[in-house]
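Remarks on the structure that follows.
The values are calculated or read from the model by the stated rules, or taken from the named source; none is laboratory data. From a predicted model like this one, the values you see are computed outputs, not experimental measurements. With ideal geometry, Cβ positions are generated from the backbone for all residues, glycine too; neighbour counts draw on all protein chains shown. Keep in mind that these areas ignore ligands, DNA and RNA; they rest on the heavy atoms of the full protein, side chains included. Shrake-Rupley method; radii C 1.70, N 1.55, O 1.52, S 1.80 Å.
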Amino acid sequence: MYFLAVALMLSSCNSKPDKTAKIKKKEELKRLDFTPIVDIRYQEVKRRFSNGLSFSDIGFQQEPSWIIQFSSNDTVRAWSPQKQIMQPFYFMYDHGDVYNFAGEWFRIRNFSKDSIVMQRLQLTRQVIAKDIRSDVFMTYYSENYLKNVIKKKAEDLQRPSAADTAYIKTLVARANRNPANADSAFAGRIPVQFIPKSKAIAVEKLNTVDKLLGRTEAYDYLFPEYRIKITNAYQDFAYGFTAVVDQHGKIYLDKFRDDMPEYHEARKKVLEGIISVYLQNLLVVKPATTLSIAHPSQITINVTGKK
């Protein structure tokens with residue numbers, strides 16, 4: 001599933017620094033020499049798809065955040081937010097123009113003392129995916145280039161562009177035209193929030209990150225899932241379903257398990273009743289937002305009731 005890898009996708013650098021080492025034709029490819037840039041620290045300033053946007057049509061945002069520094073031709077240090085250190089990684093040359101470090105595969109598009117451009121690759125059994133999973137680019141500027149040449153801070157360059165904002169407004173307009181339609185809804189950069197108005201209801205946003213299964217932190221905002229518990233319900237029940245929450249916080253039933261088609265309508269009425277009687281009345285529902293714009297998004301709800 002491409003969305004599991006989309007959370008790691010990464011745009012080309014517009015600058016033209018001197019002595020750029022560009023990737024050659026396939027028949028001429030050989031291992032690159034990174035000696036000229038050893039000990040130069042670079043900060044990632046852009047991470048975008050090849051169309052220049054940092055958002056996909058399902059709402060996934062590319063966020064530049066890496067800091068790297070070559071220590072030698074076979075060692076790269078990368079900033080670890082958890083450990084607060086530059087952590088060393090073996091920089092492995094695989095074949096052609098493909099390299100690996102920190103558990104990820106890359107093509108080095110060009111590099112100089114001012115910048116580095118990498119294309120992030122998705123490999124499955126040593127085969128490079130030829131779809132959106134490998135259509136992401138990371139651009140780094142050296143700290144010297146940032147400070148003394150363009151005189152800008154990395155965090156300023158990391159912000160979404162005007163093109164990103166225009167694109168999100170297009171997605172929002174499409175979704176708002178049919179707010180109950182899951183096909184036009186898209187994931188919010190800030191997911192739906194449920195705030196209990198009564199002690200009779202409790203909400204937990206589930207953490208589904210599982211690195212072994214390929215579920216990164218991005219998965220949680222792309223496919224948010226909630227556990228809701230209701231006490232003093234009319235009877236005991238337990239249901240799971242997907243729903244669309246529109247730009248105003250209204251919840252629309254989407255899909256649910258249907259083992260017995262003859263009871264589909266009855267089950268639908270029960271779930272719509274739970275949504276309207278309990279969820280809409282006992283919760284303040286804040287819709288998902290992207291770039292501070294509210295819009296419809298799809299979520300998964302697991303709700304239980306105790307009599």
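In the stretch 226-296 the Cα-Cα distances spread across 5 Å bins starting at 0 as 3, 13, 24, 24, 17, 11, 5, 2, 0 percent of all pairs.
Model label points for residue 41 and residue 197, set 7 angstrom from Cα along the Cα-to-Cβ axis, are 5.0 nm apart. Please work out, to two decimal places, the log10 of the ratio I(q)/I(0) at q = 0.20, 0.22, 0.23 Å⁻¹ from a Debye calculation in which every Cα of the stretch 46-152 carries one identical scatterer. Each listed q corresponds, in turn, to -1.23, -1.39, -1.45. Under a no-solvent Debye model with one identical scatterer per Cα of the stretch 189-254, what's log10 I(q)/I(0) at q = 0.24 Å⁻¹? With no solvent term, the Cα-only Debye profile gives -1.23.
When 246, 259, 74 are compared by accessible area at a 1.4 angstrom probe, the order from most to least is 259, 74, 246. I'd like the projected area of the stretch 178-224, averaged over all directions, using the convex hull of its alpha carbons. Report it in nm² with one decimal. Taking a quarter of the hull surface, the average projection is 4.8 nm². For the set 229/306; 197/255; 286/307; 205/268; 46/152; 83/151, the pairs lying more than 18 angstrom apart at their alpha carbons are 197/255; 286/307; 205/268; 83/151. Using the Cβ-Cβ distance between residue 265 and residue 302 with R0 set to 22 Å, the FRET efficiency works out to roughly 0.50. Computed across the stretch 89-203, the Kirkwood hydrodynamic radius from all distinct Cα-Cα pairs reaches 18.5 Å.
Accessible surface calculations at 1.4 Å, restricted to protein heavy atoms, place the chain at 54 Å² per residue. The mean of 1/r over all pairs of different alpha-carbon atoms in the chain, once inverted, gives a Kirkwood hydrodynamic radius of 21.8 Å. One compactness figure for the stretch 141-182 is 1.90, namely its Cα radius of gyration divided by 2.2 N^0.38 Å. If you sort 134, 50 by accessible surface, 1.4 Å probe, largest first, the order is 50, 134. At q = 0.17, 0.21 Å⁻¹, what is the log10 ratio I(q)/I(0) for the stretch 174-294, with the Debye formula run over Cα points and no solvent? After summing over all Cα pairs, the log10 values are -0.98, -1.35. Using a probe of 1.4 angstrom, how much of the accessible area of the stretch 30-133 is carbon and sulfur, in percent? Accessible surface attributable to carbon and sulfur in the stretch 30-133 totals 48 percent.
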